[in-house]
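Enquirer: Got a structure here, written out as structure tokens. Questions coming.
The values are calculated or read from the model by the stated rules, or taken from the named source; none is laboratory data. On a predicted model such as this, the values are computed, not experimentally measured, just so you know. All Cβ positions, glycine included, derive from the backbone under ideal geometry; neighbour counts span all protein chains shown. Areas reflect the complete protein model, heavy atoms only, side chains present, ligands, DNA and RNA absent. Shrake-Rupley method; radii C 1.70, N 1.55, O 1.52, S 1.80 Å.
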Amino acid sequence: MRYITIALAKGRLAEITETLAKAGANIRALSIADTTDFGILRLIVNNPEHGRDVLLEAGFSSMTTEILIV
């Protein structure tokens, strides 16, 4: 299983979720960690590579990381 990591600027969460929805990606889980300047959004979607590619094409800096779900 892989998840997508995205640098999250103020007001971008709606744009990210709308972009994924338009591409047919289903969000299965999400996590947000924040600092005073920015946040880190981690998403598990039905097809992580496709989700990452869609986000990159839309101008969002993102990457996938392998995870183990127990």
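Enquirer: Under a Cβ-only charge scheme (Lys and Arg +1, Asp and Glu -1), can you give me the dipole magnitude of the chain about the Cα centre, in debye to the nearest 20? It would help to have the intermediate numbers written out before the result.
Expert: Numbers: 7 positive and 8 negative charges, 29 e Å.
For the chain, the charge dipole is close to 140 debye.
Enquirer: Between Glu57 and Ile32, with labels modelled 7 Å along Cα→Cβ, what's the label distance in nm to one decimal, could you check?
Expert: 2.6 nm
Enquirer: Only Cα pairs under 8 Å and at least 6 apart count here; give the relative contact order of the chain as a rounded whole percent. Write out the running numbers ahead of the final one.
Expert: Values: 114 pairs, mean separation 33.4, N = 70.
Once divided by the residue count of the chain, the mean separation gives 48 percent.
Enquirer: Work out the FRET efficiency for Arg12 and His50 from their Cβ-Cβ distance, taking R0 = 30 Å, and round it to the nearest 0.05.
Expert: Numbers: r = 20 Å, r/R0 = 0.66.
Result of the calculation: an efficiency of 0.95.
Enquirer: Which order do Glu66, Glu49 take by accessible area at a 1.4 Å probe, largest first? Write out the running numbers ahead of the final one.
Expert: Values: Glu66 115, Glu49 70 Å².
The ranking, largest first, comes out as Glu66, Glu49.
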